[in-house]
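Below is one structure, written out as structure tokens, with a few remarks after it.
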Amino acid sequence: MRDVAVIGVGCTTFGEKWDTSFRDLFVEAGALALEDAGVSGEQIGAMYVGNMSAGRFIEQEHIGALIADYAGLASTHIPSTRVEAACASGGLSFRQAFISVASGLEDIVVAAGVEKMTDVASGASVDALAGAADREWEGFVGATFPGLYAMIAHEYMSRYPLTREQLAQVAVKNHYNGARNPIAQFQQEISLETVLKSTLVADPLRLFDCSPITDGAAAVVLAPLEVARKFTDTPVRVLASAQASDTIALHDRRDISTLDATVAAGKRAFAMAGITPKEIDLVEVHDCFTIAEICAIEDLGFCRKGEAGRLTEEGVTALDGDLPVNTSGGLKACGHPVGATGIKQVCEVVMQLRGQAGKRQVDGARIGMTHNVGGTGATVAVHILGV
Ligand code: COA
């Protein structure tokens, strides 16, 4: 297997983008990534595009070919493949691109993600998202994503010492980081009171415990490490790529307060990179709801079960803490265009490791991790990157 590096990154701004179409979002992110890498379209050997539900959101399927066409690459007949794993589509698209370069099959490969969620009413987008869970045993009986994560929160809070204020602090921290990220959907800081007094969505989760509905796209360019320096002075190595799966329905899990697929993918990633959690300088975790960030910090092995709430309250996961978590603002404040999120996480870590993260820069960051979850944890992708 060859060593692989990220040589270019690009993201659109995230939010309600009424004036930009699905295909324009992808073209914008792709062009930014190619420009950053100094690569032309003809040099690309293959493309992987993470997308969860264009069929439901914009009534368009056949996304791989559509993207290649609108990227101006139809005449090169480039292999272009859509990757779908619900909200982990982006993470898996990055993994497919990594495997393609590592195996020696292709040299320059684009991994991208795109979702346009706001062209339908919010009830329709919540219903499309419910397709990431078990439609027959969860969706058809009324379970929505906020509802499923609310069950995780209840179970967690009945077993471990997590206060409502500690949970709210996850959102406060992520909005603080989002306020320092020019692509974020929400760029305003919020107080604990804002979270605690916001509308109840699914007890105990309130509006500000939830990630929003978002449009956006992100793209990265990968190359073999041995040629990466021809394109950039700061190649970022992919030290590990791991994936794990679990039961699709929450009620079939061993313990719903732990995401076993996160535990498995995290262990595999640390083993592949040959490092321990202590060596990670920053991590982008899948905080689709505040409780998901609490579980992720523990399930990835950064602390013991039941400790993440206290660590969040003490500022350990803050921008200037020992383990900055979600420096981009996370899904909560940066936004969550589901198919794009896993790639945006990689963009954020790459920018941090290059020292290009501006007001949210983590001093001296050398190793970063991404954690991308599909559904309530039926698919998990974990990557470790380093310079
Ligand atoms: N955080 C903060 N503010 C939010 C928000 C969020 N997550 N979602 C919406 N808002 C704001 C909007 O900006 C809007 O503010 P404005 O009135 O000042 O313009 C207001 O709240 C109402 O927005 P609206 O779009 O009508 O919200 P909604 O009630 O239809 O949807 C949720 C809110 C929480 C139900 C929806 O965002 C949701 O389902 N989120 C979870 C998405 C999800 O499950 N993703 C997959 C996870 S794996």
- Which residues, taken from segment 297-312, are part of a helix (DSSP H, G or I) and more than 16 Å from the ligand (Cβ to nearest atom)? Ile297, Glu298, Ala308, Gly309, Arg310, Leu311, Thr312
- Item | Ala150 being over 21 Å from Glu28 (Cβ atoms), within 12 Å of the ligand (Cβ to nearest atom) and not assigned by TED's automatic domain parsing to the domain that holds Ile343 | no
- Message: Tell me the residue from Arg159, Arg135, Arg164 that is away from the ligand (no atom under 12 Å from the Cβ) and within 18 Å of Phe57 (Cβ to Cβ), please.
- Response: Arg135
- With respect to Ala102, is the statement that it is of a type in the set (Gly, Ala, Ser), more than 19 Å from Leu205 (Cβ to Cβ) and within 18 Å of the chain's Cα centre (by Cα) true? no
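Of these, Asp36, Asp19, which one is outside any loop (DSSP other than H, G, I, E, B) and in the same structural domain as Pro224 (by TED's automatic domain parsing)?
Unique residue meeting the criteria: Asp36.
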- Message: From the list Gly358, Gly342, exactly one residue is of a type in the set (Gly, Ala, Ser), modelled with pLDDT of 95 or more and over 20 Å from Phe289 (Cα atoms). Which is it?
- Response: Gly358
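The rows are residues; the columns are (1) in contact with a Ser or Thr (Cβ under 6 Å, 6 or more places away or on another chain); (2) within 26 Å of Met151 (Cβ to Cβ).
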{"position": "Glu165", "(1), (2)": "no, yes"}
{"position": "Gly178", "(1), (2)": "no, no"}
{"position": "Thr199", "(1), (2)": "no, yes"}
{"position": "Leu207", "(1), (2)": "yes, yes"}
{"position": "Pro224", "(1), (2)": "no, no"}
{"position": "Pro235", "(1), (2)": "no, no"}
- Report those strands (runs of 3 or more DSSP E) wholly inside segment 184-296 carrying at least 1 residues which are within 13 Å of the ligand (Cβ to nearest atom). 200-202, 215-224
- Yes/no for Cys347 being hydrophobic (A, V, I, L, M, F, W, C), away from the ligand (no atom under 16 Å from the Cβ), assigned to a helix (DSSP H, G or I) and in contact (Cβ under 8 Å) with a residue 40 or more places away in the chain: yes
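Given the condition within 16 Å of the ligand (Cβ to nearest atom), assigned to a loop (DSSP other than H, G, I, E, B), of a type in the set (Asp, Glu) and in the same structural domain as Gln352 (by TED's automatic domain parsing), answer yes or no: does some residue in segment 320-327 qualify?
No, every residue in segment 320-327 fails to be within 16 Å of the ligand (Cβ to nearest atom), assigned to a loop (DSSP other than H, G, I, E, B), of a type in the set (Asp, Glu) and in the same structural domain as Gln352 (by TED's automatic domain parsing).
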- Message: For the list (1) away from the ligand (no atom under 16 Å from the Cβ); (2) surrounded by fewer than 21 Cβ atoms within 10 Å (Cβ to Cβ); (3) of a type in the set (Gly, Ala, Ser), I need the number of the one condition that Ala179 fails.
- Response: (1)
- Which listed residue, of Val101, Val120, is away from the ligand (no atom under 16 Å from the Cβ), among the aliphatic types (A, V, I, L, M) and out of contact with any Ser or Thr (no Cβ under 9 Å at 6 or more places or on another chain): Val101
- Task: Specify the residue that is nearest to the ligand (Cβ to nearest atom); the eligible residues are those in segment 350-365 that are in contact with a strand residue (DSSP E or B) (Cβ under 6 Å, 6 or more places away or on another chain) and outside any helix (DSSP H, G or I).
- Result: Val362
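The values are calculated or read from the model by the stated rules, or taken from the named source; none is laboratory data. Quick caveat: nothing in here was measured; it's all calculated off a predicted structure. We place every Cβ from the backbone using ideal geometry, glycine too, and count neighbours over all the protein chains shown.
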